[in-house]
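What follows is calculated from the coordinates using simple rules that are stated; it is not laboratory data. Note that the structure is predicted; figures quoted are calculated from it, not measured. FYI the Cβ positions are ideal-geometry reconstructions off the backbone, even for glycines, and counts take in every protein chain you see.
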Amino acid sequence: MNREKWQELKKKGSDHYKTLEVEPIDFYVSLGIFKQFAEANIIKYAARYVTKAESKDMDKIIHYAELLKAYMEV
């Protein structure tokens, strides 16, 4: 994982998760399920974009793709 990039990208995430003691995204990493979580969210927001065509859904697709890329980097 590219930890520096990971932390930078997490700052772009939703603020309501940052108030928790452990962010859900870090919990998914610790459980070894982040890759599947990110892929599922990319699919979810892509499907929503097809019906709603809101740019915020495209932004979320890009955000999860960037997180996934940072997570997969060695």
Taking the Cα atoms of the chain alone, what are Rg (to one decimal) and Dmax (as a whole number) in Å? 12.5, 36
List, in the order given, every pair from K5/K60; K5/K52; K10/K60 whose Cα-Cα distance in the structure shown is over 23 Å. K5/K52
Full extension between A53 and D15 adds, at 0.36 nm per residue less the Cα distance, a length in nm of 11.3 nm
Taking the simple approach of a point 7 Å from Cα along Cα-to-Cβ for both A46 and D26, what is their distance in nm? 3.0 nm
Theoretical gain in end-to-end length, E4 to K69 [0.36 nm per residue, Cα-Cα removed]: 22.2 nm
As I understand it, the value is the acute angle between the Cα axis of helix 55-72 and the longest principal axis of the Cα atoms of the chain; what does it come to in degrees, rounded to 10? 30 degrees
